2 protein chains.
Amino acid sequence: MTSELRMNGERLMASLYELGAIGALPQGGVCRLALSDEDRQGRDWAVARMQALGLSVTVDAIGNTVGVYPGLTDTPPVMMGSHIDTVATGGLYDGNYGVLSGLEVIATLKDAGMRLRRPVAVAFFTNEEGSRFQPDMMGSLVYQGGLALETALATRGIDGVTVGDALRQIGYAGPASVGDNRVDSYFELHIEQGPVLDEEGLAIGVVDGVQGISWTEFHLQGVSNHAGTTPMRLRHDAGYVAARIGVFARQLAQELGGDQVATVGHLVFTPNLVNVIPDTVTLTVDLRNTDAEALRLAEQRLWAFAEQAAHEEGISVSRNMLARFEPTPFAPEMVELVAAQARLRGLPSRRMPSGAGHDAQIMAAMCPAGMIFVPSVAGLSHNINEFTAPQDLIAGANVLLGAVVQRADRA
Amino acid sequence: MTSELRMNGERLMASLYELGAIGALPQGGVCRLALSDEDRQGRDWAVARMQALGLSVTVDAIGNTVGVYPGLTDTPPVMMGSHIDTVATGGLYDGNYGVLSGLEVIATLKDAGMRLRRPVAVAFFTNEEGSRFQPDMMGSLVYQGGLALETALATRGIDGVTVGDALRQIGYAGPASVGDNRVDSYFELHIEQGPVLDEEGLAIGVVDGVQGISWTEFHLQGVSNHAGTTPMRLRHDAGYVAARIGVFARQLAQELGGDQVATVGHLVFTPNLVNVIPDTVTLTVDLRNTDAEALRLAEQRLWAFAEQAAHEEGISVSRNMLARFEPTPFAPEMVELVAAQARLRGLPSRRMPSGAGHDAQIMAAMCPAGMIFVPSVAGLSHNINEFTAPQDLIAGANVLLGAVVQRADRA
């Protein structure tokens, strides 16, 4: 009965605090930028844990590190994973929680003397955050085959160092190849990084997919004029069109409903003077939806509105796609395994999309993938005040444990 | 018949080009910041013209310079005036046109051997632009008694120099006192600095007043959150409220109609990242109207809307008045004199407010004042490409000539 298998919650929490001490910031929180010396220390610590569990550890050419706990058959493993790099002002949980819970899942199996039909693996992928090197989710992308190793290694970080040099410098340019990985399936346990579970008082988010992302940058070009001497009817005000787009983006999300979100996060006025009508405004609209068709519809309506509004004001508009990712639905059987575990353990849960990017969406292209969310207090993320209560962290890890056992032990 | 009195247009144009050569910029336009060495050269040139016309020239303690052409009686003069300082990227006409036309009015009277009942004066006031020292219209404010001389002299410019030191340095800390000026009336001829006359193909703007100005800075404080993981219903988006205020400002101006204008010229997002809901937005709304009551109504409606919109989004709003000037209506008899001269000379004209500030609005507190506008091509102002066609400049100067003769020769 997997419902009775429970992990050692105190040991999980102790491991989170131990890893969180590496790269700890004086004001709280953690900074372990990808492939920095702090990242190396964190990696060394995690590899030591893998070795202490007797796992066979491999490091590949992009620094992805995988520990495997053998199964009764020599088949592709059920993998648990995430990352241990952080943003510059990170918390203790983002990424680390998934990796350390994976280690505890294996520790629990080992303590119970259990072998499952299939091997169980735990992985941490290189540079998930993308704070030092672009793109983010780099390690899992290379692992899965979506990004050429040579391209990744040649990428220069914000400090001018290449990924390849940084890997060699910290001793994580491993010997394992990256082109022929085989994985049965992939589970990622992660803090929500949003407010929904906390707001609704739920313990578990059963993640059914990762939102597709569309980032449009609009460049509005009007005519700068004196705010006092230019009658309203003679204006070509880029700021007014930007305001209309900002109001429309909200209406659009509300009208489309479902998971649709729309955000104007970046907006710059030129010349930005109290008494001058702005001639140039640059603004971005971030649209996300789990439904590919709905996302396309949202984009089309947004673009059409921007053109109409610019036309009505007699200004020009151009747009530039800063980013575009299709939604990633997770495999229904993986989603159902997570939902069943939450039910079995009496944990209140809901289906939800992930609004942030995760290695799981990359892995979903090579194997069935799923994610489990636990609440983030006030939705704080990429913030030194990121916090999830220990009982929520332990509950989530037990859901992972149950789901992995079910998946790895299936006939 | 004043309708037959015409000035020497070529001489007026030659004087504009001559003064415009002082502080000329390599790319065109002029830079004669108040009390700079270029301003000194411009002043010396204008004073020499006054002296060549035989005017009695006085310079007061704030550097305002007045030349008087005697009348048949020793009464307060009918004054024509403006300024000869410019912004850093100024044109040939802003300010200079009014002063040099005033000199040509007197030259025309002198050439015709005409003395009027009252003296006629021409003045250039110190630091109208406010580019180097704040506030703008400083010289006329001190002349009129609205600003204490000591306060003005102690004002430090953007280069750290005080007005008093700068005046001494260029030799324009004059001996004339500033507390007891008596003026019959004041005319200011100026380029429109807006697009209305150019757009409507009119030669003369009969200015009936200067718009009141209300500058509100709003500080919107919401909550920063992840653009992907925060559902629309849980957002406290300062950028969305700013967008609603931007749209409302336009609606407000359209609904109030008349001269009402509303401009969001300055807007800053924080943290200003594509995928982060902005927590803080600062924006300004510039409201102007010639009607004091309408301006107050516009302010009240704007402030109430901002509070309502902030409340609906669950964010806080505070506001700060950056500037507030009541509208200045010009004396009806002065406005009518200008309108009559335009009619008499067959020049198409319209009544209109001034959307920009001018020395005339300061002078209006001490004597009947009026202004005459001529077209600015495309409304360009404070711009090296500022341009008014010579025939328009000459037509406007002849309206000034006629109005001054009528006013100074009245019984």
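Here are the numbers for the structure shown:
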item: Residues satisfying the stated conditions in region B:335-360, i.e. more than 14 Å from chain A (Cβ to nearest Cβ) and either over 24 Å from the mean Cα position of the chain (by Cα) or hydroxyl-bearing (Ser, Thr, Tyr) (or both); result: B:ARG343, B:LEU344, B:ARG345, B:GLY346, B:SER349
item: Tally of residues being surrounded by fewer than 21 Cβ atoms within 10 Å (Cβ to Cβ) and facing chain B (nearest Cβ under 8 Å) across region A:234-243; result: 1
item: Identity of the residue in region B:256-268, in contact with a Leu (Cβ under 8 Å, 6 or more places away or on another chain) and small (Gly, Ala, Ser), that ends up nearest to the other protein chains (Cβ to nearest Cβ); result: B:GLY265
item: Leading residue by the ranking (surrounded by the most Cβ atoms within 10 Å (Cβ to Cβ)) among those in region A:142-172 that are touching a residue at least 24 places away in the same chain (Cβ under 8 Å) and hydroxyl-bearing (Ser, Thr, Tyr); result: A:TYR143
item: Residue that is farthest from B:THR162 (Cα to Cα), among those in region B:16-50 that are small (Gly, Ala, Ser) and surrounded by fewer than 19 Cβ atoms within 10 Å (Cβ to Cβ); result: B:GLY28
item: Residue ID - nearest to the chain's Cα centre (by Cα), chosen from residues in region B:8-43 that are modelled with pLDDT under 95 and within 17 Å of B:ALA389 (Cα to Cα); result: B:GLY29
item: Filter result for A:MET114 (out of contact with any Pro (no Cβ under 6 Å at 6 or more places or on another chain), part of a strand (DSSP E or B) and either more than 18 Å from A:MET13 (Cα to Cα) or free of Cβ contacts under 8 Å to residues at least 24 places away in the same chain (or both)); result: no
item: Filtered residues of region A:244-255 (kept if closer than 15 Å to A:ALA310 by Cβ, within 7 Å of chain B (Cβ to nearest Cβ) and not β-branched (Val, Ile, Thr)); result: A:ARG244, A:GLY246
item: Region B:282-321, subset under 21 Å from the mean Cα position of the chain (by Cα) and surrounded by fewer than 15 Cβ atoms within 10 Å (Cβ to Cβ), residue farthest from the other protein chains (Cβ to nearest Cβ); result: B:ALA292
item: Some residue of region B:322-334 being surrounded by 20 or more Cβ atoms within 10 Å (Cβ to Cβ), part of a helix (DSSP H, G or I) and within 14 Å of chain A (Cβ to nearest Cβ); result: no
item: Scope region A:214-231; condition facing another protein chain (nearest Cβ under 7 Å) and either at pLDDT 95 or above or buried (at least 20 other Cβ atoms within 10 Å of the Cβ) (or both); matching residues; result: A:TRP215, A:ASN225, A:HIS226, A:ALA227, A:GLY228, A:THR229, A:THR230
item: Which numbered condition B:PRO271 misses (of (1) touching a residue at least 60 places away in the same chain (Cβ under 8 Å); (2) at the interface with chain A (Cβ under 9 Å from one of its Cβ atoms)); result: (1)
item: Strands (runs of 3 or more DSSP E) enclosed by region B:37-110 - at least 2 residues per element that are among the polar types (S, T, N, Q); result: B:56-59
item: Residue within region B:8-15 that is surrounded by fewer than 21 Cβ atoms within 10 Å (Cβ to Cβ), part of a helix (DSSP H, G or I) and without any contact (Cβ under 8 Å) to a residue 12 or more places away in the chain present; result: yes
item: Region A:232-253, subset among the charged types (D, E, K, R) and part of a loop (DSSP other than H, G, I, E, B), residue modelled with the lowest pLDDT; result: A:ARG235
item: Residues located in region B:211-232, provided they are farther than 30 Å from B:ARG351 by Cβ and β-branched (Val, Ile, Thr); result: B:VAL223, B:THR229, B:THR230
item: Among residues of region A:181-210, those that are buried (at least 22 other Cβ atoms within 10 Å of the Cβ), part of a loop (DSSP other than H, G, I, E, B) and either on the phi > 0 side of the Ramachandran plot or at pLDDT 95 or above (or both), counted; result: 2
item: Extreme residue, nearest to the other protein chains (Cβ to nearest Cβ), among residues of region B:381-403 that are under 23 Å from B:LEU72 (Cα atoms) and in contact with a Gly (Cβ under 8 Å, 6 or more places away or on another chain); result: B:LEU400
item: Checking A:LEU100 against (1) out of contact with any Phe, Trp or Tyr (no Cβ under 8 Å at 6 or more places or on another chain); (2) farther than 25 Å from A:PRO26 by Cα; (3) not acidic (Asp, Glu), the condition it does not meet; result: (2)
item: Cβ-Cβ under 9 Å pairs, at least 6 apart or on other chains, region A:369-394 side closer than 10 Å to A:ILE191 by Cα, far side of a type in the set (S, T, N, Q) and surrounded by fewer than 19 Cβ atoms within 10 Å (Cβ to Cβ); result: A:VAL377/A:ASN385
item: Total residues in region A:387-411, condition assigned to a loop (DSSP other than H, G, I, E, B) and modelled with pLDDT of 95 or more; result: 5
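The values are calculated or read from the model by the stated rules, or taken from the named source; none is laboratory data. All of these numbers come straight from a predicted model, not from anything done at the bench. As a convention, Cβ positions derive from the backbone with ideal geometry for all residues, glycine included, and neighbour counts pool all protein chains shown.
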